[in-house]
Structure formats: C-alpha cells, structure tokens
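Q: Below are the structure tokens for one structure; questions will follow.
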Amino acid sequence: MASQTHQVFPSILDNDLYKFTMQYAVLKHYRDAQVVYEFTNRDKELQLNAEAVEWLEKQIKDMNELALTPEEREYIGSMDFFDKDYAEYLFQFRYRPEEQVHMEFDPQTRELTLKVTGLWHEAILYEVPLLALISEAYFKFVDRDWNYDGQYQNATDKCMTLLENGCKFSEFGTRRRRDFKTHDTVMHALKEASDKYKASTAEPKGVFTGTSNVFFAKKYGTPAIGTVAHEFFMAISALEGVKHANAIALEKWYETYHGALGVALTDTYTTDVFLRDFGKDLANKYAAVRQDSGDPSEFVHHIIAHYKSLGIDPKSKVIVFSDALDVPRAIKLLHLTQEAGIGASFGIGTSLTNDFKKVSNPNEKSQPMNMVIKMWYCNGKRVIKLSDDVLKHSASDDLVNELKQQLEIA
C-alpha cells in the first residue's frame, strides 16, 4: 500500500510558473481587483473522507509558513521576464489561509466546498497547491490501493518514446499529481532520460523543454515553462467588458512581457470568438496559440486557415497542446501538425504525475481525481468560461446562454 511518510510543500515555488507570471501581470495592471475562486469536483464518485479533510485543513493552515528563501529570491530575480521589484514582492509574500481560504465538509454527503477570496494578486497563488493537496489527501486516506512501484521506469519509458518520436514536450502535472513524492520521482526520471537521450543521439528528434513547476525547475536545472491561463481572460471580461476581452487580455499581456511568454490561449470564450479579435497585429506578436479543449484536428485546420487569411505562414507558428494528453495522443497530434504544416509542442500533466495501477488488480487503473478551482467573481461580477468543450463550461446553462448572446454566438 502507499507510503504515508513524505514531504508536503517544501517551498512557495512548488507551484506552476503561470500563476507567478499572471500574478506579475495583475500587479502591473489590476492591483486592486478583488476575486472569488471556487472548487469543483467533476467526478462525484471520488470524494474525500473526514480523515482526509482533517489532514487537508492542517496542510492549508501551514501554508502561512511558506516563504521564499534568499536563494529562491535570487532565482526568481534571474528570470528575464520579471523585474527586481517582483522578486522582492514575492520574498515578502505570505499566504493567509485562515483569512482567504474558506472550506466546509459535509460528512454525510462527503461534499467538499472550498472558496478562496481576496485581492487577485494574492489569491492567485492558491489554486495549484490546493488542488495538489486535495489530490494527495484523497490518495493518502481514501484510495490506498496503490504504491510507487515502477513510477521512475514508467516516466523514463514515456520520455524516451516522446523524444524518439520527435515530440517537444514539458511536464505540466502539479495540480493533479498523486503526491509530491510521485512528482519528484517523475521529474528525476524525465531529467535523466532526457540527458541520456541528448548524450547518445547525434541529431536529437525530440526535446524535453522543462516543467511548469518552478520548484522542480530549480531543483533539476530545467527551464520553468508557463504563460497565461483562462482566469486572466475571465477577470478582464469583468474589468474591461466581455466583448473584446480576448484582445484586451492579449494586449495587456504583451505590454507586460514584450513578446516573451508569447502563447495565446484561445478557448476561454470559444476559439471562434477568439479569432475575431486575433488580427494580424496580435497574430504577429504571439509566437504560438494554445489548444486546451475541443477537437484538436478541427482546431489545427481552423488556426492554419486563420493564419493564411492574415498572410502569415503557419510554418512560422506553433500550436501548444495541453488538453488531456498522454504519449500516444501527443505523437498522433505531432503527425497531424507535421502533415498540416505548423509547429507543435505539448504540455503533459496527469498522465505523467498520476498514472497508477491498483495493487489489488494491476490490470485496473487507479483513477485520478478530476477537479478544478476556477474564478467565479471579479470585483463582484460573475465570470465564466465557455471553452470549446461544453463539458468544460464553468456555469449554469442560463449564464452560458446569456454570455453567448452577449458574444453573438449562435
């Protein structure tokens, strides 16, 4: 059965880079914005128990002890896209969970309710560590029918398969990892396999580009990878109006990073709506677009047609795929983009950091949790995400239909 003695959250940097890059942009543009985030468990069959919640409450309370070390402050300050003021801000930053995190648990239904409230630039860092802790609590106290056997080799095999097939990929698995120990094991395997591949191959096909997790990027000497998430666009819809939220968000992002971190997220209000605002100027400013929902094949052809309509060579651009990827899916998408004539890279998460079999039946998968923490309100205004996949809509049908009317979506 699973071991229960391992480290939990050794650093404030045990979080995804995109949370820090968005925090920096929020500090620049929307320092006074107030937000509310809410937790949603998409799979009601996987619920915490009272013991798990008790442990979770303790871990959340202890987040107030997390702080950058002087060495970590220097590391953040060395990132070209941040200024020294941000490294100092983060050095002074402290979580205040007793004030900002509100959690309730019904022992009868085992329903967990969790909200994060406060200034956007402070509350923004909670999402990923809270999700990681909830997952860890579940597999520590509810589903114990698993162990760590084979995790290093599994990650090594996946890495080599991706590299040998020419995939350019990064590890994106913090939010739904099985636990910290698994994540560390996977990162160790990816780094070693990548180094061996590069050393033994005269002309490497694929590249392991790094990890979204800043702590592990620092620990293993790999690049930290990350740009922007849906919440940036969602908040801007409340702060600046939904009609051209995509364009305003992309302009604010460009103003902040001057072309660095130039990946445009397309599906907050559907890709069709995004492309209305993604004219030649913005398309030239951004090196890549990210596909995070919907049919990837349809997306590829849609994006290529759009670039061509703007007089832009699709071969000069990249699609970053990040929607429920595993190794076979990434390889299939690489072939699709190669045939279509556009670049591709891949952010692979849960299938790296939460891929287990049951000890009692090795032929049966140990199911990871499917959960999110999404922004619900910004400055008192309800914000939602439409997505290219109706199952990822973050609101009731009434709210979805109201937004569709505002955006003139059929």
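Q: If you wrap a convex hull around the Cα atoms of the range 151-352, how much volume per residue is inside, in Å³? Intermediate values should be presented prior to the final figure.
A: Values: hull volume 24.9 nm³, N = 202.
Enclosed volume per residue, from the Cα hull, is 123 Å³.
Q: If you don't mind, another one. Ala305 versus Gln108, label points 7 Å from Cα toward the beta carbon: distance in nm?
A: For Ala305 paired with Gln108, the spin-label model returns 5.3 nm.
Q: What residues of the range 229-253 lie in the reach of a label at Lys285, counting those whose backbone N is under 11 Å from a point 7 Å from the Cα along Cα→Cβ?
A: Counting backbone N atoms under 11 Å from the label point, the list is 247-253.
Q: Round to a whole angstrom and tell me the spacing of the C-alpha centers of the range 354-410 and the range 176-196.
A: Measuring centre to centre over Cα atoms gives 27 Å.
Q: With all pairs of different alpha carbon atoms counted, what Kirkwood hydrodynamic radius in Å does the range 50-186 show?
A: This gives a value of 17.7 Å.
Q: Right, here's the next one. When the distances between all Cα atoms of the range 12-76 are binned every 5 Å from zero, what whole-number percent does each bin get?
A: Binned Cα distances yield the sequence 3, 11, 12, 19, 21, 16, 10, 7, 1.
Q: Write down the accessible area per residue of the range 151-352 in Å², having rolled a 1.4 Å probe over the full set of protein chains.
A: Spelled out: the 1.4 Å probe surface of the range 151-352, per residue, equals 37 Å².
Q: Dipole magnitude of the range 1-124 about its Cα centre, charges +1 at Lys/Arg Cβ and -1 at Asp/Glu Cβ only, in debye to the nearest 20?
A: Its charge dipole is roughly 220 debye.
Q: Please give the FRET efficiency for Asp157 paired with Glu339, using the beta carbon to beta carbon distance and R0 = 22 Å, rounded to the nearest 0.05.
A: 0.25
Q: In the chain, with Lys and Arg counted as +1 and Asp and Glu as -1 at Cβ, which of these residues, Gln47, Gly279, Met103, has the Cα nearest the positive end of the dipole, that is, farthest along it?
A: Most positive-ward Cα: Gly279.
Q: Here's another thing I want to ask about it. If contacts are Cα pairs under 8 angstrom and at least 6 residues apart, what is the relative contact order of the chain in percent?
A: Values: 709 pairs, mean separation 90.8, N = 410.
Relative contact order of the chain: 22 percent.
Q: With the full set of protein chains in place, find how many percent of the accessible area of the range 151-352 is carbon and sulfur; take the probe as 1.4 Å.
A: 52 percent
Q: Using the reciprocal of the averaged 1/r over all distinct C-alpha pairs, how large is the Kirkwood radius of the chain in Å?
A: Details: mean 1/r = 0.0455 Å⁻¹.
After inverting the pairwise mean of 1/r, the radius is 22.0 Å.
Q: Please tell me the relative contact order of the range 151-352 in percent, rounded to the nearest whole number, where contacts are Cα pairs under 8 Å and at least six residues apart.
A: It rounds to 23 percent for the range 151-352.
Q: Still on this structure, please answer the following. Kindly write out, for the range 36-43 in residue order, the coupling ³J(HN,Hα) from the Karplus curve 6.51 cos²θ - 1.76 cosθ + 1.60 (θ = phi - 60°), rounded to whole Hz, with x marking Gly and Pro.
A: Result, rounded to whole Hz: 10, 10, 10, 8, 10, 9, 6, 10.
Q: How many nm is it between the label spots at His244 and Glu98, if each spot is 7 Å from the Cα in line with the beta carbon?
A: 4.7 nm
Q: Per 10 Å bin, what percent of the C-alpha pairs of the range 16-122 does each bin hold, from zero upward?
A: For the range 16-122, the binned pair fractions read 13, 36, 30, 17, 4, 0 percent.
Q: Oh, and also: If we sort 106-112, 173-179 on the protection proxy, mean other Cβ atoms within 10 Å, highest first, what's the order?
A: 173-179, 106-112
The values are calculated or read from the model by the stated rules, or taken from the named source; none is laboratory data. The shown structure was predicted, so the numbers you read here are calculated from the model rather than taken from an experiment. Positions of Cβ are backbone-derived with ideal geometry, glycine not excepted, and every protein chain shown enters the neighbour counts. For the accessible areas, the whole protein counts, side chains as well, though only heavy atoms, and no ligand, DNA or RNA atoms are used. Shrake-Rupley method; radii C 1.70, N 1.55, O 1.52, S 1.80 Å.
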